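Contents: one structure, followed by commentary.
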Amino acid sequence: MARKDISDIDVLHIFNNLNKIAPQNRVGTLMQITGQPKKVVWRAIERTCDKGYLEYGVSLRTAWLTEEGEALLRGGRKGNEGKTFKTS
């Protein structure tokens, strides 16, 4: 169980699919995909936000990608390593 096992790309994939994954289901979806517990998933989301890849208003649960986050997701910038996945 380590935060490093969830890459920034993993988090960005979930938050990029705003229409497919409801905000209340994002943490659960990351938990299912990565096999990590809730507290590890939340720390990974917070880390991604701290790096400037996500922004949020009232709740981190409803965050959206910044321009840097979109560039990282497109492959324009390298993020931390980790297993990545694709959502359908």
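Here are the numbers for this structure:
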{"quantity": "Filter result (β-branched (Val, Ile, Thr) and either under 20 Å from Lys4 (Cβ atoms) or at pLDDT 95 or above (or both)) within the stretch 37-65", "calculated": "Val40, Val41, Ile45, Thr48"}
{"quantity": "Candidate set from the stretch 1-47 (those that are free of Cβ contacts under 8 Å to residues at least 24 places away in the same chain and of a type in the set (D, E, K, R)); member that is nearest to Gly69 (Cα to Cα)", "calculated": "Glu46"}
{"quantity": "Members of the stretch 61-73 found to be hydrophobic (A, V, I, L, M, F, W, C), part of a helix (DSSP H, G or I) and buried (at least 18 other Cβ atoms within 10 Å of the Cβ), listed by number", "calculated": "Leu72, Leu73"}
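Residue-wise test of (1) within 12 Å of the chain's Cα centre (by Cα); (2) part of a helix (DSSP H, G or I); (3) not basic (Lys, Arg).
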| position | (1), (2), (3) |
| --- | --- |
| Phe15 | yes, yes, yes |
| Lys20 | no, no, no |
| Thr29 | yes, yes, yes |
| Ile33 | yes, yes, yes |
| Gln36 | no, no, yes |
| Arg43 | yes, yes, no |
| Glu46 | yes, yes, yes |
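The values are calculated or read from the model by the stated rules, or taken from the named source; none is laboratory data. Because the structure is predicted, anything quoted here is derived from the model rather than measured. Cβ: placed from backbone, ideal geometry, glycine included. Neighbour counts: every protein chain shown.
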